[in-house]
Every structure is written in structure tokens, then in C-alpha cells.
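To start, the structure under review is shown below, and the notes come after it.
Bear in mind these aren't lab numbers, they're just calculated from the coordinates by the rules spelled out. Note that this is a predicted model, so its numbers are computed, not measured. Every residue, glycine among them, receives a Cβ derived from its backbone with ideal geometry; neighbour counts consider all protein chains shown.
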Amino acid sequence: MYGILALPSNPPQSSGTDQTEKHESGADTTEVDHAPLTQTNASSFYMTAEEFKNKFNVAVGKYRLNGLSITRLNMKASSEQDTGAFEYVFNDDLRLVGKLNSNQKVKEVRLYGTGDVSEPTGGILLTAIATLILTTNNEYTYNDAQEVIQDIGILDRDVSQSEFDGATVRNGFEYHFSIQDNVSIFEITTVE
């Protein structure tokens, strides 16, 4: 069993995030956000793939997260009626996949990390996870993103990376991290 490395700390900043209540069941830790869902976050991220790319790159620039900028999304047609998808490959071990709803707005993003899951998860995967969290929450700071990652449980020292599965819900989004068949998967979906 190996722990997952902590993200580098940035100076603390104040934040107006909602408090959530933790519920534990087995090895999974899930948080339930008691804030009411609003129309702005009920079924999509309310941004196009291009807007998503731009917001992601703004977070990369703001926090100087070198090596993560998205240059051009590879857009794909979907087998589902009037929907689409996009993909971006950061390197051989890290790729991003997104799904669009019928209005061509982002409804889900997944980050796939490959490599040796017996080793602690390293910088670029955790940095990409933090950047995705920042992309979905305009008001979040880097410290808020770290808190979401911590709530999922992937920063716990006694985590078994070959069997890990954890999630948290905040502000209408579910953040889920799991390891399946030696692939680390971080997923953000809207909660309806």
C-alpha cells in the first residue's frame, strides 16, 4: 500500500465554499452537498468544449501549472443523437476525454492516467485533477481544489492504489477517482 503524494501548497486564500457533510460506507467516502441545485449546474457545466479548454488554460496560467495547457481539442462525433465528445492527450500517460450534451455543452470529463499504480501518484496527474476542479468552479482557489482531492481520499497515506475508489459531491458536481485495471480515472459529472 502506498499513499498518494500531496499537491504543492500555495499561500492560503479565503474562500466562500459551502460546508458539506461526510458520509462513509465501506472504503468509499462520499460527501453530500446540501446546497440546492440551480439551473446553472443541473445538467451540464454550461460551457462549450472551447470554453472548457479556455477556462482550463486560464487555471493553468493563473497557478503556473506548467506542461498542462490544452492546445487543440480533438472533437469527435458521438453515436448518441446530437451529442459529441472531445479528447486531449497531454502525454503517453495522461489523457482527457469529455462528453457533450445535445446543446453541445460539456456534461462530463474524465482524466485517464496510466503507469505503475503501485507507485505513489505523482505531480502531473494530481495537478491535472486540481486544474479540472478549478475549471468547474470559478470561485475555487487552488487550496479549495486540494480540499476536494483530500475529501475524495486520494491523499490518505494508507490508500491501496490498486483498489481505490472514492468520491465527493460539491456545488452540483460529483468528483470521483478510482483505479481500474492499472488505470487511474478521475471523473467530474453533474449531479441531477
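Structure data summary
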quantity	calculated
Label-to-label distance, nm, for residues given as V191 and E163 (7 Å Cα→Cβ offset)	2.7 nm
Backbone N within the stretch 127-144 under 13 Å of label point (7 Å from N91 Cα along the Cβ vector)	127-128
Extension reserve of the K76-N103 stretch, reckoned as 0.36 nm per residue once the Cα distance is removed	8.2 nm
Segment S69-Q180, length gained on full extension (0.36 nm per residue, minus Cα span)	37.3 nm
